[in-house]
Ligand code: TMP
């Protein structure tokens with residue numbers, strides 16, 4: 001059997017954009033249309049990746065070098081691609097990924113100032129041309145997102161950065177979306193969650209391959 005390759009969807013956004021809320025609903029919406037979904041996340045999604053996640057988000061490790069941070073993100077990504085994403089797509093499943101390479105451009109590039117060319121080299125090496133078919137960018141003003149994170153509590157090593165860092169992250173995401181409008185769908189994440197989910201589900205189901213009901 002040679003099933004049609006599955007679709008690869010990533011969900012991106014700044015802190016407090018509402019990715020987690022959206023992902024659960026989106027997964028159910030896709031499954032309702034008869035498609036098997038593999039939901040995963042970055043950094044994380046494998047035994048190695050989850051350990052990397054523990055390291056990069058640990059508030060006790062304040063001194064992680066920006067290059068080391070970037071390489072850790074790509075180490076997690078390499079393992080996730082090998083263990084989860086490529087096999088799932090090859091089996092015809094759809095992959096719903098909470099962040100992917102755009103996050104490295106936004107956080108390590110925009111946020112930390114690592115050169116875009118180096119990130120692009122790592123992307124070529126690790127991802128070998130594999131990109132999401134669709135990237136949903138949950139765009140929200142920094143103050144709104146940070147307000148949600150503060151209300152939730154338990155701030156991690158990256159969430160403690162200054163507003164200026166998150167403004168650069170947001171600007172980088174928006175620039176990338178503007179440069180690749182065919183891949184990105186920008187959603188206004190200050191809307192109520194139900195409205196964001198509806199817009200996201202419409203964009204995902206428009207990819208085709210799901211049986212419309
Ligand atoms: P999240 O699960 O709340 O999105 O947390 C993941 C954090 O890791 C978030 O602050 C963004 C950050 N991150 C990067 O800095 N670079 C990356 O490449 C990825 C995937 C995530």
Within the range 78-136, residues outside any loop (DSSP other than H, G, I, E, B) and under 11 Å from residue 10 (Cβ atoms) come out as 85, 95, 96, 97, 98, 101, 102, 103, 134, 135, 136
Exactly one of 81, 89, 96 is within 18 Å of residue 206 (Cβ to Cβ) and modelled with pLDDT of 95 or more, and that residue is 96
Residue within the range 115-122 that is buried (at least 17 other Cβ atoms within 10 Å of the Cβ), at negative phi and within 14 Å of the ligand (Cβ to nearest atom) present
yes
- Are any of the residues in the range 6-25 more than 11 Å from the ligand (Cβ to nearest atom), surrounded by fewer than 20 Cβ atoms within 10 Å (Cβ to Cβ) and over 23 Å from residue 145 (Cα atoms)? no
Restricted to the range 41-60 and to residues being more than 15 Å from the chain's Cα centre (by Cα) and outside any helix (DSSP H, G or I), the residue nearest to residue 129 (Cα to Cα) is 46
Of the residues in the range 45-60, those that are surrounded by 13 or more Cβ atoms within 10 Å (Cβ to Cβ) and closer than 14 Å to residue 157 by Cα come to 52, 53, 55, 56, 57
Original post:
Just a yes or no: is a residue in the range 1-22 free of Cβ contacts under 8 Å to residues at least 24 places away in the same chain and within 18 Å of the chain's Cα centre (by Cα)?
Top reply: no
message: Can you confirm whether residue 99 is closer than 22 Å to residue 30 by Cβ, within 11 Å of the ligand (Cβ to nearest atom), in contact (Cβ under 8 Å) with a residue 60 or more places away in the chain and in contact with a helix residue (DSSP H, G or I) (Cβ under 9 Å, 6 or more places away or on another chain)?
response: yes
Residue 63: passes all of (1) surrounded by 20 or more Cβ atoms within 10 Å (Cβ to Cβ); (2) without any contact (Cβ under 8 Å) to a residue 40 or more places away in the chain; (3) outside any helix (DSSP H, G or I) but (1)
Check on residue 167, within 16 Å of the ligand (Cβ to nearest atom), over 15 Å from the mean Cα position of the chain (by Cα) and not in a helix (DSSP H, G or I): no
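The values are calculated or read from the model by the stated rules, or taken from the named source; none is laboratory data. Everything quoted here is computed from the prediction, not taken from an experiment. Quick reminder, even Gly has a Cβ in these numbers, built from the backbone with ideal geometry, and neighbours come from all protein chains shown.
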